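The values are calculated or read from the model by the stated rules, or taken from the named source; none is laboratory data. It should be emphasised that the depicted structure is a prediction, and the values quoted were computed from it without experimental measurement. Cβ atoms come from the backbone with ideal geometry, glycine included; neighbour counts cover every protein chain shown. For the accessible areas, the whole protein counts, side chains as well, though only heavy atoms, and no ligand, DNA or RNA atoms are used. Shrake-Rupley method; radii C 1.70, N 1.55, O 1.52, S 1.80 Å.
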Amino acid sequence: MKTYETDVLVIGGGGAATASTIAAHDAGARTMLAVKGRFGVPGVRGAGATSNPKADFWTIRTVGPKGGWFNPPDETWQDMCQIGLGTADAKLCRIFVDEVSDAIKRLRGMGMRFQSKMLATMPATKESLGTNNIVQIQKAVIEGTGTEVLEHANVTDLVVDGGRCLGAVGVTDFGEPFFVRAGAVVLATGGVGQLFQYSFNPPGNTGDGYAMALRAGADLFNMEFMQQGIATTWPTQAMVMLYEMPEPYRMFNRHGKHFIEDYLPAGLTLQEVSNLKAWHWPVSCRDAAIHLDRAIHGEAVAGRGTDHDAIFLDLSGARRGFQPEVFEEYMASVGIDLGRDLLQIQVHHHTSNGGVRIDEHAHSKVVGLFACGETAGWQGADRLGGTMLGGSQVFGWRAGTKAAEVARDRPQRDLTPDELDRFLMGDVRRAQESRGQTRPGDLLAPLQRDMWRNLLVERDAEQLAAARACIERQRAALAGDLRIAEPFDLALYYEQRNLLDVAEVIVAAAEMRTESRGSHYRSDYPERNDAEWMTNIFVSRDEKGLALRKQWVNAEVGFEDIGKIRILPWG
Ligand SMILES: Cc1cc2nc3c(=O)[nH]c(=O)nc-3n(C[C@H](O)[C@H](O)[C@H](O)COP(=O)(O)OP(=O)(O)OC[C@H]3O[C@@H](n4cnc5c(N)ncnc54)[C@H](O)[C@@H]3O)c2cc1C
């Protein structure tokens, strides 16, 4: 088996991975970056959410000077905590607020050009390399660091002995196993967008980091919270921000019927719900705008959407969101004239707000195992826009710096035959010897459909049970009816296994949280219940399976006027 050796192994090829690789190098470590598919090539396997070419513009949230009028630090920190409805990690939010300006400065120093000094926005034009800008710019820096880049490298598990991470194993796209012996490992594998039929996230973002961390003994938390929002499903994906509407939204189903009122509780009008939705893009039950998102999703789930699972939205004559001309131009580039054509929209999964529980150095509870970017959990029930890209830089940098230090005095050794079998080869052999009918790739679309129906926008006990049943069916197929027809199927097998593991975590956390909070809306428990649920759900794995516990990360902070927001619109 091919074996590599390094001080710091960074897994992933997005903005968090590139930031932590540079930081680890600058801190004196030998670095290696392992990525699925190609490194930093938008639109192909391996390009993470940071390299997603499908967007009109991107934003990193900026923080202004203390005492100033524009996003002053203390107020921004308050906003982040309040947006999280008590569940965002207040200490990590403080680090974000204190360090995001340095991260932006670092990016500028590497050659990044933002559209506006104050907002750190990036229009996703061809000339600006679209959203791939951050990765391209940091990749150029990495080329000068002597970092060894392993492409087509699907990392499948972390090697852990006595609570210490010793490296990672995986298989290449060509079915070859490998082991990277490392002093420290940084997980920067992005989120789990591929779990859902409608998501912005590219192939490859299959929650591997969450699943591997869990198996390695780390904790996950806040996994029931996901950011979701309205976007077009056809002819391309584009977020649709409905910030200002002079009149109620004009939406109708495939039969031309206006349907939103069918979903509104008694006493709530279409105008009221439209006004509320104008204040935020993310799906959230903190106000009654949730019913608009329920309507859009529910109508398609009921089979009354378009062939692209969408409902029609007429935006002619409406003022639209932030930088409307950018959106207009973007839609024109795919042949949609907003003054004439109807948009086909649906709720999409956007990002995971939870993830691996980390400390202020992005260190998990497994010694030598770090997590950053969307793989790390620090955001809460809802989150502020622009904090994921910025957070990837802030915590990516911290992870790389600390990983270099931890790697320095770490013993490195080879795998024993037993470890080799336990962490990789036992499973590879079982998969390869299986003589069933189901190729792993066959399971993806049915899983995505099921999870989009049952886990996004709203959940109740029945939907969660249906999601569980789907997970169990698919696990049985992987265990008893698997067929590895070509080497790449092995990589897809691991992805599917991880998707199922992460889906189980989300379902379990959503079942446990018998209330509604921010992005987690339980239609059978529609009220927020601070008395019982002003807390986080931690998930770990032991020999019996998943173990969930309530543990509030902000017990010492103390929240007043929970949910009170200064920034409008938010999201
Ligand atoms: C359309 C869109 C618009 C967005 N707009 C904004 C915005 O304006 N502001 C904002 O703050 N956030 C935004 N986000 C969210 C933000 O882009 C992501 O949260 C962030 O880029 C995640 O960065 P990351 O480095 O953690 O992961 P990613 O960029 O997703 O990278 C993950 C990497 O890990 C690799 N990988 C995964 N598993 C493995 C494995 N097992 N082995 C090897 N490699 C692996 C993937 O191939 C990929 O290279 C947006 C997201 C999308 C999709």
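Of note:
- Neighbour net charge for Arg459 - beta-carbon separation under 10 angstrom, K R +1, D E -1: -4
- Each peptide in 211-223, 456-468, 502-514 gets a packing score, the mean of other Cβ atoms within 10 Å over its residues, and the list from highest to lowest is 211-223, 502-514, 456-468.
- Share of pairwise Cα-Cα distances greater than 23 Å in the stretch 462-564 is 43 percent (whole percent).
- Normalised by 2.2 N^0.38 Å, with N the number of residues, the alpha-carbon radius of gyration of the chain equals 0.92.
- Length gained on full extension, Asp74 to Ser333: 89.2 nm, using 0.36 nm per residue less the C-alpha separation.
- Within the accessible area of the chain (1.4 Å probe), percent carbon and sulfur: 51
- Full extension of the chain between Met118 and Thr145 yields a length gain of 6.6 nm, computed as 0.36 nm times the residue separation minus the alpha carbon distance.
- Cα-only Debye scattering, the stretch 330-468: base-10 log of I(q)/I(0) at q = 0.12 Å⁻¹: -0.92
- The stretch 101-195: equivalent-ellipsoid semi-axes (sqrt of 5 x gyration tensor eigenvalues, Cα, Å): 32, 16, 14
- What the Cβ-Cβ distance of Lys66 and Met110 gives, at R0 = 22 Å and to the nearest 0.05, is a FRET efficiency of 0.25.
- R0 of 30 Å, Cβ-Cβ distance Asp460-Gln271: FRET efficiency to nearest 0.05: 0.60
- Counting only protein heavy atoms and using a 1.4 Å probe, the accessible area of Lys139 comes to about 40 Å².
- For the stretch 1-77, taking Cα atoms only, Rg and Dmax work out to 17.4, 58 Å respectively.
- The residues Glu151, Glu405, Glu433, Glu560, sorted by heavy-atom accessible surface at 1.4 Å with ligands and nucleic acids left out, run Glu560, Glu433, Glu405, Glu151 from largest to smallest.
- Per residue accessible area in Å² of the chain, where ligands, DNA and RNA are left out and the probe is 1.4 Å: 37
- At full extension, Arg304 and Arg215 could sit 28.0 nm farther apart than now, given 0.36 nm per residue minus the alpha carbon distance.
- For the stretch 415-510, the convex hull spanned by the alpha carbon atoms encloses 105 Å³ per residue.
- Modelled label reach - Asp524, point 7 Å along Cα→Cβ, the stretch 436-480 residues with backbone N closer than 18 Å: 451, 453-472
- Over all other residues within a Cβ to Cβ distance under 15 Å of Thr145, the charged ones net out to -1, with Lys and Arg as +1 and Asp and Glu as -1.
- Paramagnetic label zone (point 7 Å from Cα along Cα-to-C-beta, Arg449; backbone N under 16 Å) in the stretch 487-520: none
- Solvent-accessible surface (1.4 angstrom probe) belonging to Glu495, in square angstrom, nearest 10: 20
- Under 11 Å, Cβ to Cβ, from Ala547 - net charge with Lys/Arg +1 and Asp/Glu -1: 0
- Sites Arg408 and Met1 - FRET efficiency at Förster radius 35 Å, r taken between beta-carbons, to 0.05: 0.85
- Simple spin-label estimate for Glu560 and Ala479 in nanometres, 7 Å along Cα-Cβ: 5.4
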